[in-house]
1. Based only on other Cβ atoms within 10 Å, what is the fewest-to-most ordering of S132, S234?
2. Ranked from highest to lowest mean number of other Cβ atoms within 10 Å per residue, what is the order of the peptides 150-161, 117-128?
3. Tell me the label-point distance for the pair T226, L125, using the 7 Å Cα-to-Cβ offset, in nm and rounded to one decimal.
4. Points 7 angstrom from Cα along the Cβ direction at K51 and K23: gap in nanometres?
5. Please compute the length gained on full extension between E296 and D310, using 0.36 nm multiplied by the number of residues separating them and subtracting their Cα-Cα distance.
6. Tell me, H316, H217, H110 in order of fewest to most beta-carbon neighbours within 10 Å?
7. For the modelled label position 7 Å from the Cα of A210 along Cα-to-Cβ, which residues of segment 146-171 have backbone nitrogen atoms closer than 14 Å?
8. In which sequence would W37, W327 go, from the one with the fewest C-beta neighbours within 10 Å to the one with the most?
Amino acid sequence: MVRELRPMLGTPQPIITPQRAMKILTIATAVPLAGLWMLGGIAASDLDPGKLRALAKTFNELADDLEGGKKDPDGGYVDRTGALASVVVTNSQFSGAAIEEFKLVYPVVHTYGVTLAGNCRTVALGCENYASLIEEERKALMEIEGLLLGTLILIAFQPVTTQIFRIVEYRIGQLLQLAARIKGLSGTWAARALQAGSTAYVSTLLGYIAVDGVAWHAAAYSGQATVALANGESLGSPTDGIGRTMAANGAYAVGYELFNAPLRAAGVEPTRISEMSARLFGSIYGYTPVDNLLDEEEDDAIATQPDQLDDKLLGHGGRALIFPPGWTPGSWPRYPAR
């Protein structure tokens, strides 16, 4: 009981606890997400862009049949009938009332053919543009939905990543205790190496990187899958890109540790500001450069780009604002958050 009361006396609970803040954030995210999904169902057309492009192809082919185009550079039906009509009109062997009437009617018919070909191409262009508009509209809605849900997942993942570190740290501690007993029995070099403080630190960090990388990939994939399924889009296998995510997450952890190392050496207690700064440092100089480097679809840019900073400030700022350093559900801060 004393152990539980001491942190309560030393650190008064805030009016808005992390649990309440996360509930508020979840509601604040769920409401606009539901609105976007409703808007997507109303505003985003049910027409299939692929079918619209197939329709555009049909109209372009009809225009090619009428005026030639790329299909027949020598001309289509309009030009061929025009050539035949000119033979009839200019040949003196053909005469009479019917020919005279034909001379008056055919120019009008010919004009209709040319106009129809132009209208076919206009309709085809409209179908192409409409298909692109639908795709852009869906993409824009998905980007907004992904940003909202992704930010919520990033913030909510903070207690998970802290707990993962504690579990790994505990398991490594058990291994070191076993190493100490082994040393007492045999005094082997391997046991002495396992007892070294640097080995404990590196082992804990590597274990954390491995476990946290898989967990973060699963969390990020769940967000992407939710947005994709809500918009009727397909999504790849859950294992796609897991190596890339783990490598980027490992770079993030190393950057985070590099930022905090001088503070720990000086005995400075972690604060929300220092935690946010460490996370931003790890994300900007660790996670994103590695992620960009391993992303085959991106351009040659490796460093974090200005348009990527907003998401980082929002996500890591939200983490620092809601969760005290080292916080996990039902506990008070004891360890620096990882």
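1. On the way: S132 13, S234 6.
Lowest to highest Cβ neighbour count: S234, S132.
2. Most protected by this proxy first, the peptides run 150-161, 117-128.
3. Here the answer is 4.3 nm between the modelled labels.
4. Calculated label separation equals 4.6 nm.
5. Details: separation 14, 0.36 × 14 = 5.04 nm, distance 2.30 nm.
2.7 nm is the gain from fully extending E296 to D310.
6. Details: H316 24, H217 21, H110 15.
Ordered from fewest to most neighbouring Cβ atoms within 10 Å, H316, H217, H110 come out as H110, H217, H316.
7. Of the residues in segment 146-171, 168-169, 171 have backbone N under 14 Å from the label point off A210.
8. Numbers: W37 15, W327 20.
Lowest to highest Cβ neighbour count: W37, W327.
Rule-based calculations on the coordinates, nothing more; no lab input. This structure is a prediction, so every number in the text was calculated from the model and none was measured. Note: ideal-geometry Cβ built from the backbone for every residue, glycine included; neighbour counts use all protein chains shown.
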